[in-house]
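The values are calculated or read from the model by the stated rules, or taken from the named source; none is laboratory data. Here the structure is a predicted model, which means the values were calculated and not measured. Note: accessible area is taken over every heavy atom of the protein model, side chains too, but ligands, DNA and RNA are not part of it. Shrake-Rupley method; radii C 1.70, N 1.55, O 1.52, S 1.80 Å.
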Amino acid sequence: MREEPGFFARHAAALACGLATFLLVALLGGAGAGFMVGRFNSTVEASAADDAAAIGTSVANALAQQFERAVSYGVPLEKIAGIRNYLSETADRIPGVARIVVRLASGKELRADSDSGNGDADRETVFAPLFVDGMNMGQIEVLTDASELTTPLAALRLLVVPLVGLVALLAGLAAAFAVGRGIDERRAVLLAHLNRNAEGRFGEGPAIPPLRGRDRIARAFRALRLGEQHVVEQRAAVDSYAEELLVVDFDDRLRPRIETIVRGLH
């Protein structure tokens, strides 16, 4: 009894096409997406740094005007109630601003009580002077943090991997069904005809379909078609010749030998 091929053998071409396409699209798509995201990140980060500096400058100038007005009324900055909380709340409310410090001319700093000032090496500070009646009262220091403006980029980077994987999967499935399945079906038809001929059933069942193309399966179909046609013609010729011999075999002495030879040829 002839053993039927397994699942992987029946769908070898579809699996190979799908896997090869998936890997190719994943590698090329991943490299392309990584390059594009990197370029996009560089552009956005440079723009975010400029935006953060502009925001910090605007905040520093606005605070300088407010505090200059307060000092002009004779209220020392360090005596303004809640100034430290105000600085903290302003920094928390405005994106791109990490910390606000009022540095007085005496060297004293007014800042949020919870502000340790650590991790400022990769940040940029903008300044706005405090002048009241021509006297330098100190300056406003706004520490900007461009990373707060680029937070959505982290989500974008996380989306790239599953997106490329999904596109590669869809491309692999399309290749498996559009290309690989057709190859497997033609191989199955070819194998069925080969098994039929191996069992001596030449010409039985559906005829071998003619296939155009120069690939190996198409050439195998044409060779098998020509070979089967040749065998069928030879068998018909042998049968015809045997019938002619049997017609003149009046005493049936040659019939057993002729029938044995014909069966052997078949």
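Structure values in brief
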| quantity | calculated |
| --- | --- |
| Segment Ala155-Leu15, extension gain: residue separation times 0.36 nm, minus the distance between their alpha carbons | 47.1 nm |
| Per residue accessible area in Å² of region 55-114, where ligands, DNA and RNA are left out and the probe is 1.4 Å | 55 |
| Coordinate range along principal axes, alpha carbons of region 45-180, Å, largest first | 85, 27, 23 |
| Heavy-atom accessible surface of region 11-143: percent carbon and sulfur, 1.4 Å | 58 |
| Directionally averaged shadow of region 1-83, computed from the convex hull of its alpha-carbon atoms, nm² | 11.3 |
